[in-house]
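Worksheet: the structure to be examined is printed underneath.
The values are calculated or read from the model by the stated rules, or taken from the named source; none is laboratory data. Since the model is a prediction, treat every value here as computed from it, not as a measurement. Every residue, glycine as well, gets a Cβ built from its backbone with ideal geometry; the counts of neighbours run over all protein chains shown.
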Amino acid sequence: MKHGLDRRRFLWIGGAMAMAAATTPAWAQSPIKPGESDALIVVDVQRCFTKGGSLEVPDGDAIVPAINRLAKGFANVILTQDWHTPGHASFASSYPGKKPFETVDLPYGKQVLWPDHCVQGTDGAALHPDLAIPHAQLVVRKGFRRGIDSYSAFLEADKKTETGLGGYLKERGIGRLFFVGLATDFCVAWTALDASRKGFEALVIEDATRGIDTQGSMAAAWKDMLAAGVKRIKAADIAG
Ligand code: VGL
Ligand code: ZN
């Protein structure tokens, strides 16, 4: 008899635990189904940022299959492409004695210096050869003015010059943006932050991004993004 009671209690506790798991609020577990007012923004998945590239992002190639898979679920996909002039203001080689990852003060503020990368029309500037998104609707090129960098696909580093992407999205009635690509702590973060400032809902699909992480840039980027209301989600959160 006593045994039977213990067993019933054990079953009751087990049942309660199963119920608790099953009653996780719907918002926390139901997959997001992208619709007509959503877009996937694929940031700078280019040869220069992946294996063998001049500004290689560690493990950058690993995200390409996930991005191809995710893109199938979006009617609206937009690609961005870093697209610099030779002798660009963001290149260390433009300043005698300066090395990559050092900084300089430019009229618009502090600029991190990079190895030469994504020069207009070169192989390094090409989109990653394994990117398979034939239905992408727009390619936004940025950083094409010699004197102004542009991590953001919305606003150049002078914080004044618009790329036109904000107007394009608004005219098309697109309000919610999902971000993937390279690099998490520079072009993805700055683009997602500007999206949020412009009133778009911005979500970064973390496992479909990779970062450079120089001088604490990764931690700073996530801190800024989360503070601005950018959401941090996983590829598995999107209905597949
Ligand atoms: C990027 C550094 C310089 C990026 C572009 O795509 O994140 N980073 N140019
Ligand atoms: Zn660049």
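Of note:
- Filtered residues of segment 165-199 (kept if away from ligand 2 (no atom under 16 Å from the Cβ), under 15 Å from residue 233 (Cβ atoms) and not β-branched (Val, Ile, Thr)): 176, 177, 178, 179, 192, 195, 196
- Residues of segment 103-123 that are part of a loop (DSSP other than H, G, I, E, B), on the phi > 0 side of the Ramachandran plot and either aromatic (Phe, Trp, Tyr) or more than 10 Å from ligand 2 (Cβ to nearest atom) (or both): 121 alone.
- Any hit, segment 46-56, residues being modelled with pLDDT of 95 or more, more than 16 Å from ligand 2 (Cβ to nearest atom) and over 19 Å from residue 234 (Cβ atoms): yes
- Selection count, segment 32-90, where residues are part of a strand (DSSP E or B) and either within 16 Å of ligand 1 (Cβ to nearest atom) or in contact with a Ser or Thr (Cβ under 6 Å, 6 or more places away or on another chain) (or both): 10
- Condition check for residue 178: crowded, with 23+ Cβ neighbours inside 10 Å, touching a Pro at 6+ places or on another chain (Cβ under 8 Å) and assigned by TED's automatic domain parsing to the domain that holds residue 218: yes
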